[in-house]
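> Here you go, one structure.
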Amino acid sequence: MKSRIPTNTSGNGGGETAGRNGELLIANDFLVARLGLGTMRLTGKGIWGEPADRNEAIRVVRRAAELGVNFFDTADSYGPYVSESIIAEALYPYPQGVVIATKGGFEAAGA
């Protein structure tokens, strides 16, 4: 994968952003910030069900995007399906350049 340090790191009043850590080019197609957000822990206890505070989980995803995170990792087994619906609620309509990577086929037995 190619990597580069961006020249434009503005976005939150001059503070730190995800892009300051560099970017990766995935499959010569997707340029993503090196710092992404894994969403497994947005779900309930034991990676099962809804989080204790869904609004806070949505706020975390939105804040990550505000800080320049444009790569979100999820799986249908997180919840199941909970983290994916939180991402959708937080970011839809999806900003240009956002990449959501999901894994399918693993069925969690539950908490």
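The values are calculated or read from the model by the stated rules, or taken from the named source; none is laboratory data. Predicted, not measured: the structure shown is a model, and the values here were computed from it. Here Cβ is always computed from backbone atoms with ideal geometry, including for glycine, and neighbour counts include all displayed protein chains. What goes into the accessible areas is simple: the full protein's heavy atoms, side chains included, and nothing from ligands, DNA or RNA. Shrake-Rupley method; radii C 1.70, N 1.55, O 1.52, S 1.80 Å.
> Kindly sort 30, 72 by accessible area of their heavy atoms, largest first, with the probe set to 1.4 Å.
30, 72
> On the principal axes of its Cα set, how long, how wide and how thick is region 27-67? Give whole Å, largest value first.
38, 20, 13
> Another one. Could you put 85, 77 in order of accessible surface area, largest first, with the 1.4 Å probe and the full protein assembly present?
85, 77
> When ligands, DNA and RNA are left out and all protein chains stay put, how many square angstrom of accessible area per residue does region 11-111 have with a 1.4 Å probe?
59 Å²
> For the full complex of protein chains and a 1.4 angstrom probe, list 92, 81 by accessible area with the highest value first.
Details: 92 160, 81 140 Å².
Per-residue accessible area, sorted high to low, gives 92, 81.
> Which part of region 58-87 falls in the paramagnetic zone of residue 24, meaning amide N under 14 Å from the point 7 Å along Cα-to-beta-carbon?
70-74
> For residue 31, what residues show an amide H to amide H distance below 5 Å, using hydrogens built from the backbone and excluding near sequence neighbours?
For residue 31, whose amide H was placed from the backbone, the distant partners under 5 Å are 26.
> Here is a further query. Taking amide H positions as placed in the peptide plane 1.01 Å from N, state which residues far from residue 38 in sequence (5 or more) or on other chains have amide H under 5 Å from it.
Amide H neighbours of residue 38: 73.
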